[in-house]
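Working notes, beginning with the structure itself.
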Amino acid sequence: MLGWSERDLCDAHDLVMLDLDGVVYVGGAAVPRAADAIEAARQRGARPAFITNNASRTPETVASHLEELGVRADPGDVVTSAQAAARVLAQQLAPGARVVMLGADGLRRALEEEGLEPVGVEDEAEAVVTGYGPDVLWRDVMRAAVRIRDGLWWVASNTDLSIPTPYGTAPGHGVLVETLSRFSGVDPVVAGKPARPLLEETVRRVGGERPLMVGDRLDTDIEGAVALGLPSLLVRTGVTGLAELVEARRHERPTYLAADLGGLLRPHPEVGREGEGWTCGGWRATVADGARVVVDGDGAEDDWWRAVACAAWDHLDRTGAVVGVDDLVPPGVGGPR
């Protein structure tokens, strides 16, 4: 179930690892109040780290974009899956090792910073690394696939199946990973969330003894935190809505819930078991007829979500069945509850 904190989260954690799209910005626009919340947390001693599974952009490019949106950021505050992948390679290969690269500038830069030499698909090499790159040629994909099949060690930056673009959601690097894997029969070492390397690399680069992961996706941000045994905050400014939340399995459940990054600046109350229901603030959530969540009471919006989540997860763990929420309308949305 959910955790709780008597202290404001930014006082309880000295490193706040922030996913970007869906948390700090959505598409090309900043999430309302996100910049102010991040700066307030920074001023109170919690260092923000901006982490991304997108391996195509350099930390300088990411930091510049954040500055344009009003978020104070230095390149040293940014950690990418390209950097995590390069670190994975550097830990296994000798300095100066040649690595076949399929990707963009962010991946090339990360390899070079780790003392590795990115090379083409026909060159002698000790490994291959792949990352999102819109200009990667199909003939290079084919050649790399054959070399992976024939035994060349493969590291993938991430496995995200989709990526946001100005023209809508498009196939992400995970689609290429699936293609290469199906052809070669090989599963890569993965650097990005939910795998361990990206979060481990963030802690190593930025520092912090009490890290907190903040994200909007259960299957990458939150699952990655759970895999490392780290606390996490799920914000509702991105892709996770009520239907996705109540379906979350144990390995996808956050420690804390909040509407947005303002949740960093507040304590988080305990959700208690009361008979057949779960209570938080003035709300009580129960599962009726073994099929749907019913909520009574009044209070803060975040407390409503906390009570509903715990009631749904408890039912899922006991019965294996996902509760129905089609008729359930959160406070602030309008209409009957």
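The values are calculated or read from the model by the stated rules, or taken from the named source; none is laboratory data. Given the structure is predicted, the values throughout are model-derived calculations rather than measurements. Cβ atoms come from the backbone with ideal geometry, glycine included; neighbour counts cover every protein chain shown. Accessible surface areas use protein heavy atoms only, side chains included; no ligands, DNA or RNA. Shrake-Rupley method; radii C 1.70, N 1.55, O 1.52, S 1.80 Å.
Any residue that is in a strand (DSSP E or B) and out of contact with any strand residue (DSSP E or B) (no Cβ under 7 Å at 6 or more places or on another chain) - is there at least one of those in segment 41-54?
Checked against the condition, which is being in a strand (DSSP E or B) and out of contact with any strand residue (DSSP E or B) (no Cβ under 7 Å at 6 or more places or on another chain), segment 41-54 yields no hits at all.
If you go through segment 205-229 one residue at a time, how many are in contact (Cβ under 8 Å) with a residue 40 or more places away in the chain, part of a helix (DSSP H, G or I) and either β-branched (Val, Ile, Thr) or in contact with a helix residue (DSSP H, G or I) (Cβ under 8 Å, 6 or more places away or on another chain) (or both)?
So the answer is 3.
Within segment 323-331, is there a residue that is at pLDDT 95 or above, out of contact with any Pro (no Cβ under 6 Å at 6 or more places or on another chain) and open to solvent by 20 Å² or more (accessible area, probe 1.4 Å)?
No.
When you check Val190 against the structure, is it within 23 Å of Glu114 (Cβ to Cβ) and more than 18 Å from the chain's Cα centre (by Cα), yes or no?
Spelling it out, it is not the case that Val190 is within 23 Å of Glu114 (Cβ to Cβ) and more than 18 Å from the chain's Cα centre (by Cα).
Which pairs have Cβ atoms under 9 Å, sit 6 or more apart or on different chains, and link a residue in segment 26-37 that is open to solvent by 80 Å² or more (accessible area, probe 1.4 Å) to one that is of a type in the set (Gly, Ala, Ser) and assigned to a loop (DSSP other than H, G, I, E, B)?
What qualifies is Asp36/Gly70.
Just for strands (runs of 3 or more DSSP E) wholly inside segment 250-337: which have at least 1 residues that are within 30 Å of Val24 (Cβ to Cβ) and of a type in the set (Phe, Trp, Tyr)?
256-258, 283-288
Name the residues in segment 198-208 that are in contact with a strand residue (DSSP E or B) (Cβ under 8 Å, 6 or more places away or on another chain) and either open to solvent by 40 Å² or more (accessible area, probe 1.4 Å) or of a type outside the set (A, V, I, L, M) (or both), would you?
Once the filter is applied, which keeps residues that are in contact with a strand residue (DSSP E or B) (Cβ under 8 Å, 6 or more places away or on another chain) and either open to solvent by 40 Å² or more (accessible area, probe 1.4 Å) or of a type outside the set (A, V, I, L, M) (or both), segment 198-208 yields Glu201, Thr202, Val203, Arg205, Gly207, Gly208.
Which of the residues belonging to segment 225-236 are open to solvent by 50 Å² or more (accessible area, probe 1.4 Å) and under 10 Å from Met213 (Cβ atoms)?
Within segment 225-236, Val226 is the sole residue that qualifies.
Six or more apart or on different chains, Cβ under 6 Å: which pairs go from a residue in segment 244-266 that's closer than 13 Å to Gly215 by Cβ and without any contact (Cβ under 8 Å) to a residue 40 or more places away in the chain to one that's hydrophobic (A, V, I, L, M, F, W, C) and open to solvent by less than 30 Å² (accessible area, probe 1.4 Å)? Could you list them?
Once the first residue is closer than 13 Å to Gly215 by Cβ and without any contact (Cβ under 8 Å) to a residue 40 or more places away in the chain and sits in segment 244-266, its partners that are hydrophobic (A, V, I, L, M, F, W, C) and open to solvent by less than 30 Å² (accessible area, probe 1.4 Å) give Glu252/Leu218; Glu252/Ile222.
Got a number for residues in segment 87-134 being open to solvent by 10 Å² or more (accessible area, probe 1.4 Å), in contact (Cβ under 8 Å) with a residue 40 or more places away in the chain and of a type outside the set (Lys, Arg)?
Of the residues in that region, 8 qualify.
Which of the numbered conditions does Val239 fail, given that it passes all the others? Conditions: (1) open to solvent by 30 Å² or more (accessible area, probe 1.4 Å); (2) among the aliphatic types (A, V, I, L, M); (3) more than 18 Å from the chain's Cα centre (by Cα).
So Val239 meets the others, but not (3).
Looking at segment 135-166, which of its residues are touching a Phe, Trp or Tyr at 6+ places or on another chain (Cβ under 7 Å), free of Cβ contacts under 8 Å to residues at least 40 places away in the same chain and surrounded by fewer than 21 Cβ atoms within 10 Å (Cβ to Cβ)?
Listed by number, the list holds a single entry, Arg149.
Select, from Gly208, Gly224, Gly238, the only residue that is at pLDDT below 95 and more than 12 Å from Val23 (Cβ to Cβ).
Gly208
Which condition does Pro75 not pass, out of (1) out of contact with any Gly (no Cβ under 9 Å at 6 or more places or on another chain); (2) over 21 Å from Leu264 (Cα atoms); (3) crowded, with 21+ Cβ neighbours inside 10 Å, if it passes all the others?
Only one criterion is unmet by Pro75, namely (3).
Restricting the search to segment 274-318, which residues are basic (Lys, Arg) and without any contact (Cβ under 8 Å) to a residue 12 or more places away in the chain?
Arg318 - this is the single residue of segment 274-318 that is basic (Lys, Arg) and without any contact (Cβ under 8 Å) to a residue 12 or more places away in the chain.
Could you count how many residues in segment 92-129 are touching a Leu at 6+ places or on another chain (Cβ under 8 Å) and of a type in the set (Gly, Ala, Ser)?
The total comes to 4.
Given the residues Leu66, Leu20, Leu9, which is the only one that is open to solvent by less than 20 Å² (accessible area, probe 1.4 Å) and in contact with a helix residue (DSSP H, G or I) (Cβ under 7 Å, 6 or more places away or on another chain)?
Going through Leu66, Leu20, Leu9 in turn, the sole match is Leu9.
Looking at Thr286 and the list (1) within 26 Å of Arg33 (Cβ to Cβ); (2) surrounded by fewer than 21 Cβ atoms within 10 Å (Cβ to Cβ), which single condition is not satisfied?
Only one criterion is unmet by Thr286, namely (1).
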